[in-house]
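The values are calculated or read from the model by the stated rules, or taken from the named source; none is laboratory data. Just so it is clear, the structure is predicted and the values come from calculations on it, not from any experiment. So basically every Cβ, Gly included, is an ideal-geometry build from the backbone, and we count neighbours across all protein chains shown.
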Amino acid sequence: MTAALSRRDLLRTGGVLLVGFALPASALATPSSVPRAKTVDTTEVDGFLAIHQDGSVTIFCGKVDLGQGLRIAIRQMAAEELGIGVERIAMIEGDTLLTPDQGPTVGSTGVMKGGVQIRQAAATARQALIRLAAERQDLPADQVDIVDGEVRPRSGEGRSFGIGDLVGEAGFNLKLDPKAPLRPPASYRVVGKPLPRPDVPAKITGRHVYVHDFTLPGMLHGRVIRPPSVGATLTSVDEASVRPVKGARVIRLRDFLAVVAETEWDAVRAAGLLKAQWSDSAPLMGHAAVRDAMKAGPFVGRDTLVNTGDVAGALEDSDAKVLRAEYFWPVQSHASMGPSCAVAEVKGGSATIWTASQATHRFRPAFAAMLGLPVDRVRLIYLDGSGCYGMNGHDDAAADAALLAKATGKPVRVQWSREDELGWDPKGPPQLLALEGALGSDGQVTGWRTEMWLPKATAGLPNVPLLAPQSAGIGQPMGLITGLINQNGDPPYAVPAVEVTVNWLADAPLRPSNIRAPGKIANTFAVEGFFDELCVASGLDSLFGRLRLLRDIRAIKALTRAAALMSWRPRPAPNPIPGIGRGIAYVHYKHSETYVAIAMEVAVDRDSGKITPRRVVCSHDCGLVINPDALKLQIEGAIIQTLSRTLLEEVAFDAKAVTSTDWASYPILGFADIPEIMVDLIDQPDLPPLGGGEAAATPVPAALANAVFDACGARLRTAPFTPDRVKAALPPPA
């Protein structure tokens with residue numbers, strides 16, 4: 001039975017869940033110590049924030065900080081409206097018991113939706129506090145404001161009230177007003193400032209509690225034994241084979257096979273000793289066959305996404321010059337530096353799962369169904385894990401831990417191995433695009449056609465299926481979707497006739513997942529790479545070719561600023577001086593969000609085929625900038641990760657399973673290969689904030705490919721850009 005606690009006790013209990021304070025595990029709340037009384041209603045101010053009697057504030061945020069800096073940015077947004085400093089704000093994130101469901105942390109919505117919602121709650125709270133103070137002093141509300149945590153008359157005369165004294169223990173009991181006025185940009189004291197992230201000191205000094213560090217009394221360690229091939233079923237298990245490991249226990253639920261032990265090393269040893277027989281299975285096509293298989297089908301549908309003007313007429317015009325090209329993006333892993341991990345406890349008819357999931361609320365029903373519990377008896381608590389931008393193995397590890405905790409009746413920690421992570425995490429799906437473009441006699445682009453081949457699973461899959469319940473034969477409801485990978489397949493330029501179609505394949509070669517900027521990286525690679533081809537064919541400088549077909553002033557500003565910072569001078573491509581090249585690419589993310597232009601300088605060694613990115617300039621317009629330093633770090637990370645994906649990363653698999661399961665077979669970019677990066681933020685304080693986590697990644701491959709062409713005349717249309725592909729694409733010597 002849950003003990004009755006005061007509101008203050010509740011907030012104290014919840015406050016210790018703050019990731020970034022690096023409290024010991026014993027300080028973290030357990031299911032029995034937190035009541036179920038706090039509202040998580042997204043229409044209530046009390047769902048998002050609480051003001052304590054000492055004037056400090058706790059924010060309850062359904063979005064989570066995966067490394068993108070939400071912990072400081074959302075504090076700044078709330079602090080600005082409440083008239084306090086960020087140091088007086090604590091933040092609880094991703095706890096399904098305490099935080100409202102603001103949707104998963106995907107699609108660059110952390111600040112754009114989650115932060116904006118919390119800011120609106122804070123603005124509503126500010127208005128309520130001002131009204132209370134004004135009533136007590138018999139003043140009009142417009143003559144009162146909150147400064148440094150005190151509600152004061154603007155005249156400077158009269159009594160001041162601490163915000164904690166006005167609210168008391170009862171909370172606001174107030175509906176969030178979506179039209180509550182926000183403070184004007186001219187008055188900003190906190191928003192727009194490069195305030196330091198609160199979690200960094202503990203991370204640097206090793207005191208930060210990651211999910212990998214989290215422990216519970218009496219906790220066991222588990223390891224799941226994966227089949228040797230996708231789709232294999234378990235035929236027999238020799239449980240006696242683990243006897244050399246004292247206390248090790250075998251857990252089997254149909255095809256779900258695992259061992260638990262008192263220490264992690266004992267669990268690893270037992271997993272290595274366990275003898276099991278699996279059925280034969282070879283359902284995969286092998287990675288080398290993916291591209292041809294995508295063109296061959298079978299198909300489950302075809303959609304026209306864009307259809308403007310007479311595309312057929314433009315492409316069939318006898319006076320037009322028509323270009324055609326195919327671009328391919330391979331299957332890729334999330335390749336998180338640290339393997340996934342989770343801890344679960346299932347007892348007394350309830351469950352608590354500590355996880356690095358980016359979608360704790362979304363997965364709550366899935367875990368409830370898997371465990372056979374009511375949804376309100378399942379709690380997911382976010383703790384930092386290894387970096388992810390999209391669903392990697394975090395949720396699978398959490399499902400592993402939950403099933404083992406239920407089977408053993410004890411808390412269980414599961415940490416994946418490197419082989420698990422690269423072999424079994426859900427993958428970014430492959431994409432194939434064929435493009436056609438017509439050039440008129442004046443060099444203008446008169447018609448454009450994009451035809452896509454995409455796995456239908458990426459558009460229609462209700463959730464990414466979790467491995468544990470799938471192998472155990474347990475149903476699972478909606479989880480995290482894989483993302484809309486068909487966006488930005490049309491050019492952002494004023495082309496009079498455009499057609500974009502997609503051929504839907506039934507499934508992806510491997511279990512698909514949303515991976516950073518789902519689909520938009522591959523699509524922008526194709527669109528911006530092909531537009532560069534059209535510019536070259538018409539004899540136009542690639543910057544000029546873009547600018548003359550842009551009608552959006554924010555787009556023009558981003559492109560011209562990036563080019564200026566790269567000291568761009570108009571000239572034909574490729575470069576008359578071979579070996580060094582420049583490239584440029586642009587995206588209006590989803591045609592509705594952030595504007596990004598990337599200019600890049602590279603060196604290409606014709607003999608070895610090695611590409612060396614030397615300089616990257618990114619002009620970035622995401623509206624109002626909340627924290628410029630945190631945003632720049634996020635953009636730099638997006639650029640580096642996408643350079644890695646473009647130059648190096650492709651999942652290798654044969655007919656049975658993934659074979660690229662270590663850093664040698666699935667390499668990622670090292671520190672020595674990171675180029676100079678300059679981020680140019682275009683602040684728009686009078687506009688809403690947009691996403692900063694994904695958009696900067698999308699033009700990177702095209703800018704790189706265009707720079708490689710400029711350097712050596714090799715047009716790269718297939719990622720990754722391996723040395724062999726560079727050499728194969730080189731034109732013959734003059």
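When 312, 325 are screened for being small (Gly, Ala, Ser) and in a helix (DSSP H, G or I), only 312 passes. Every condition in (1) of a type in the set (A, V, I, L, M, F, W, C); (2) over 20 Å from residue 184 (Cβ atoms); (3) within 27 Å of the chain's Cα centre (by Cα) is met by residue 133 except one, and the failing one is (3). Among residues of the stretch 135-147 that are at pLDDT below 90, those with a beta-carbon under 6 Å from a residue that is part of a loop (DSSP other than H, G, I, E, B) at least six positions away or on a different chain give the pairs 137/158.
Within the stretch 651-700, the set of residues being surrounded by 21 or more Cβ atoms within 10 Å (Cβ to Cβ) and either of a type in the set (Val, Ile, Thr) or touching a His at 6+ places or on another chain (Cβ under 9 Å) (or both) comprises 651, 653, 658, 661, 692, 695, 696, 698, 700. Taken together, 293, 270, 258 contain a single residue that is out of contact with any Leu (no Cβ under 9 Å at 6 or more places or on another chain) and under 30 Å from residue 394 (Cβ atoms), which is 270. Can you confirm whether the stretch 566-573 contains a residue that is over 30 Å from residue 447 (Cβ atoms) and touching a residue at least 24 places away in the same chain (Cβ under 8 Å)? Yes, the stretch 566-573 contains a residue that is over 30 Å from residue 447 (Cβ atoms) and touching a residue at least 24 places away in the same chain (Cβ under 8 Å).
One line per residue, one yes/no per condition, for (1) part of a strand (DSSP E or B); (2) modelled with pLDDT under 95; (3) among the aromatic types (Phe, Trp, Tyr); (4) assigned by TED's automatic domain parsing to the domain that holds residue 634:
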{"site": "354", "(1), (2), (3), (4)": "yes, no, yes, no"}
{"site": "363", "(1), (2), (3), (4)": "no, yes, yes, no"}
{"site": "366", "(1), (2), (3), (4)": "no, yes, no, no"}
{"site": "384", "(1), (2), (3), (4)": "no, no, no, no"}
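Total residues in the stretch 60-71 satisfying the condition of being surrounded by fewer than 24 Cβ atoms within 10 Å (Cβ to Cβ) and touching a helix residue (DSSP H, G or I) at 6+ places or on another chain (Cβ under 7 Å): the figure is 0. The residues on offer are 401, 434, and the sole one that is touching a residue at least 24 places away in the same chain (Cβ under 8 Å) and part of a helix (DSSP H, G or I) is 401. In the stretch 190-215, which residues are under 26 Å from residue 77 (Cβ atoms), touching a residue at least 40 places away in the same chain (Cβ under 8 Å) and of a type in the set (A, V, I, L, M, F, W, C)? 190, 191, 195, 202, 209, listed by residue number. With respect to the conditions (1) surrounded by 17 or more Cβ atoms within 10 Å (Cβ to Cβ); (2) in contact with an Asp or Glu (Cβ under 8 Å, 6 or more places away or on another chain), residue 305 falls short on a single one, namely (1). Scan the stretch 117-126 and tell me whether some residue there is touching a residue at least 60 places away in the same chain (Cβ under 8 Å) and in a loop (DSSP other than H, G, I, E, B). No: zero hits.
Outside any loop (DSSP other than H, G, I, E, B) and either of a type in the set (S, T, N, Q) or within 29 Å of residue 326 (Cα to Cα) (or both) - does that describe any residue in the stretch 667-683? Checking the stretch 667-683: at least one residue is outside any loop (DSSP other than H, G, I, E, B) and either of a type in the set (S, T, N, Q) or within 29 Å of residue 326 (Cα to Cα) (or both).
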